[in-house]
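A.B. asks: Pasting a structure here, questions to come.
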Amino acid sequence: MPEANVALIGYAFMGRAHSNAWRQVSRFFSPKLTPRMKVVCGRNRSAVRKASRTLGWEEYATDWREVVARDDIDIVDVSTPGDTHAEIAIAAAKAGKAVLCEKPLANDVREAKQMLAAVKKAGVVHMLCHNYRRAPAVMLARELVASGKLGKIYHYRGTYLQDWPVDPSVPLIWRFDKKVAGSGSLGDILSHSLDLGRFVLGSEVVEVAGLMDTFVKQRPRLDNPRKKGRVTVDDASLSLARFANGALASIEGTRFAPGRKNYLRFEVNGSRGTIVFNFERMNELEYYSLDDETKVQGFRQILATDPSHEYFDKWWPGGHIIGYEHTFIHTVYDFLNAVAAGRQVKPDFEDGVRNQLVLDAIEKAAQNKRWVTVKPL
Ligand code: SOE
């Protein structure tokens with residue numbers, strides 16, 4: 001297979017997940033391009049040098065502008081905090097690189113639209129990393145809805161619950177800074193729940209109500225833990241929403257649910273049945289069908305690990321479950337094939353703008369305590 005040279009910008013949590021995906025993809029899948037892990041980039045020289053060795057990159061660099069301008073780079077993977085996504089992705093597109101970008105696409109609608117315009121103008125392949133779409137059980141959920149087996153869809157009930165910052169002594173890291181992160185629970189986790197709703201239902205959110213709050217308003221500063229600094233993002237965000245297909249939805253993202261670690265759950269209710277997915281049991285999908293004989297009606301638990309389930313023919317025999325990191329491997333696999341074919345792949349920057357328009361509407365609805373119509377693309 002021909003090779004594609006990859007540059008990764010950012011090497012923290014997401015950078016590690018992406019590095020693992022680039023490293024593993026050709027060992028299990030046969031993408032039409034073999035990724036070569038050329039260079040990882042970050043601001044701190046010694047930390048990025050260490051990351052290059054640990055994560056398996058050939059080189060390291062500290063200036064992303066030089067990296068995206070390099071002639072030998074084909075793909076730029078943006079895994080930095082949100083405030084730098086737009087600048088890096090736009091420069092990469094202008095330099096003719098295919099771009100994979102972590103979610104949320106940008107910190108606001110204006111930036112997201114600029115990014116979409118840039119990739120379109122440059123004619124490069126672009127993809128947004130909403131990795132949970134590519135859990136085989138989620139793909140099955142979408143398939144069941146699309147096939148009509150659930151009938152007319154009445155509800156999408158999405159929750160994304162975490163608990164890592166419940167302790168007020170958790171320091172003021174970048175995720176609590178609106179200038180860097182754009183928002184808190186809203187863009188970080190509710191965005192996933194929203195994206196899954198759009199993906200599984202195959203429909204767009206048209207109007208929303210919103211409720212957001214910050215429970216711990218000050219946290220120990222990183223530079224001086226005895227002093228506190230202000231949290232400028234939301235700890236929890238909730239939305240009631242209506243989809244274009246008529247489904248009524250609730251979509252929630254909170255970091256303040258003790259015991260819930262990465263509880264990304266959704267339930268879809270239709271006129272012929274219900275499906276339930278919970279990422280903490282990511283290999284399973286619950287399915288209740290009114291088409292079953294009445295006497296045996298009940299939720300069945302499908303273990304979505306058969307070779308007939310999406311991506312599973314490349315992994316293990318049925319029942320040998322996969323995990324979080326596999327969703328990223330599936331993402332880069334589809335991205336590499338799209339780049340090889342020069343065609344678009346979903347979710348892309350257009351999805352990023354659509355998600356951002358909904359997030360923006362939720363924020364406005366929460367601020368003004370009223371329903372807001374989601375603006376068109
Ligand atoms: C932190 O809340 C985080 O890493 C998110 O940024 C990811 O997108 C999510 O998948 C896991 O949690």
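A.B. asks: What ranking of Ser147, Ser237 comes out by heavy-atom accessible area, probe 1.4 Å, highest first?
C.D. replies: Ser147, Ser237
A.B. asks: Longest exposed-loop-site-free stretch of the chain, with GluC sites (Glu not before Pro), DSSP loop and at most 14 other Cβ within 10 Å?
C.D. replies: Result for the longest clean stretch: 59-292.
A.B. asks: How charged is the neighbourhood of Arg265? Take every other residue with its Cβ under 11 Å from the Cβ of Arg265, and add Lys/Arg as +1 and Asp/Glu as -1.
C.D. replies: In short, -1.
A.B. asks: Can you compute the FRET efficiency between Glu59 and Gln24 using 1/(1 + (r/R0)^6), with r the Cβ-Cβ distance and R0 = 22 Å? Round to the nearest 0.05.
C.D. replies: 0.65
A.B. asks: Moving on to the next point. With every protein chain present, what accessible area does Lys152 have (1.4 Å probe, heavy atoms only), rounded to the nearest 10 Å²?
C.D. replies: Approximately 110 Å² of Lys152 is accessible to the 1.4 Å probe.
A.B. asks: Search the structure for amide H atoms under 5 Å from the amide H of Arg36, placed 1.01 Å from N in the peptide plane, and list their residues when 5 or more places away or on another chain.
C.D. replies: Those lying under 5 Å, H to H, from Arg36 are Ala4, Asn5, Val6.
A.B. asks: Another question, then. Just how far, in whole angstrom, is the stretch 278-332 from the stretch 26-104 if you go by their alpha carbon centroids?
C.D. replies: 32
A.B. asks: How many percent of the accessible area of the stretch 3-131 is carbon or sulfur, using a 1.4 Å probe?
C.D. replies: Taking all protein chains in place, the stretch 3-131 shows 47 percent carbon and sulfur surface.
A.B. asks: Which whole-number value in Å² is the accessible area per residue of the chain, probe 1.4 Å? Show your work: numbers first, answer last.
C.D. replies: On the way: 16610 Å² over 377 residues.
With the other protein chains kept in place, the chain gives 44 Å² per residue.
A.B. asks: Could you tell me the calculated FRET efficiency between Asn337 and Asn224, based on Cβ-Cβ distance and R0 = 51 angstrom, to the nearest 0.05?
C.D. replies: Computed FRET efficiency for Asn337 and Asn224 comes out at 0.55.
A.B. asks: Suppose R0 equals 35 Å; then what is the FRET efficiency for Gln344 and Trp316 from their Cβ-Cβ distance, rounded to the nearest 0.05? It would help to have the intermediate numbers written out before the result.
C.D. replies: Values: r = 31 Å, r/R0 = 0.87.
Result of the calculation: an efficiency of 0.70.
A.B. asks: Placing unit charges on C-beta atoms (Lys and Arg positive, Asp and Glu negative, everything else neutral), compute the dipole magnitude of the chain about its Cα centre in debye, rounded to 20.
C.D. replies: 880
A.B. asks: Take Lys375 and Asp167, extend 7 Å from each Cα along the Cα→Cβ direction, and tell me the distance between the two endpoints in nm.
C.D. replies: Distance between label points: 4.1 nm.
A.B. asks: Determine by what factor the alpha-carbon radius of gyration of the stretch 3-131 differs from 2.2 N^0.38 Å, reporting the quotient.
C.D. replies: Here the answer is 0.97, to two decimals.
A.B. asks: I need the Debye-formula profile for the chain: one equal scatterer per C-alpha, no solvent, reported as log10 I(q)/I(0) at q = 0.12, 0.13 1/Å, two decimals.
C.D. replies: Taken in order of the listed q values, log10 I(q)/I(0) reads -0.94, -1.11.
A.B. asks: Would you be so kind as to identify which of Ala93, Cys41, His18 lies farthest towards the positive end of the dipole of the stretch 3-131, taking Lys and Arg as +1 and Asp and Glu as -1 on Cβ and the Cα centre as origin?
C.D. replies: Working it through, the farthest residue towards the positive pole turns out to be His18.
A.B. asks: Moving on to the next point. Before anything else, pin down the relative contact order of the stretch 3-131: Cα pairs under 8 Å, at least 6 apart, normalised by residue count, whole percent.
C.D. replies: 23
A.B. asks: Now, a different point. Amide H to amide H, which residues 5 or more places from Asp348 or on other chains are under 5 Å from it, using H placed in the peptide plane?
C.D. replies: Here the answer is Leu128, since their amide H atoms fall under 5 Å of that of Asp348.
A.B. asks: Gain in length, Thr294 to Ala117, computed as 0.36 nm per residue apart minus the alpha-carbon separation, to one decimal in nm?
C.D. replies: Value of the extension gain: 58.4 nm.
A.B. asks: Between Tyr154 and Ala12, what is the spin-label point distance in nm, taking each point 7 Å from the Cα along the Cα→C-beta axis?
C.D. replies: According to this spin-label approximation, the distance is 4.3 nm.
A.B. asks: To make sure I understand the rule: partners must be lysines, Cα under 28 Å from the Cα of Lys121, and not fewer than 8 residues away in the same chain. Which ones qualify?
C.D. replies: Answer for Lys121, where 28 Å is the Cα cut-off: Lys32, Lys38, Lys94, Lys97, Lys103, Lys113, Lys179, Lys346, Lys375, listed by chain and number.
A.B. asks: Right, another one. Restricting the count to DSSP beta bridges whose residues both fall in the chain, what percent are antiparallel, rounded to a multiple of 5?
C.D. replies: Close to 60 percent.
A.B. asks: Report the label-to-label distance for Arg45 and Glu204 in nanometres (one decimal), using points 7 Å from each Cα along the Cα→Cβ vector.
C.D. replies: If labels sit at Arg45 and Glu204, their model points lie 4.9 nm apart.
A.B. asks: Please state the relative contact order of the chain as a whole percent: Cα pairs under 8 Å, 6+ residues apart?
C.D. replies: 20
The values are calculated or read from the model by the stated rules, or taken from the named source; none is laboratory data. These figures come from a predicted structure and were not determined experimentally. Ideal geometry is used to build each Cβ from the backbone, glycine not excepted, and the neighbour counts take in all protein chains shown. These accessible areas exclude ligands, DNA and RNA; they are computed on the full protein's heavy atoms, side chains included. Shrake-Rupley method; radii C 1.70, N 1.55, O 1.52, S 1.80 Å.
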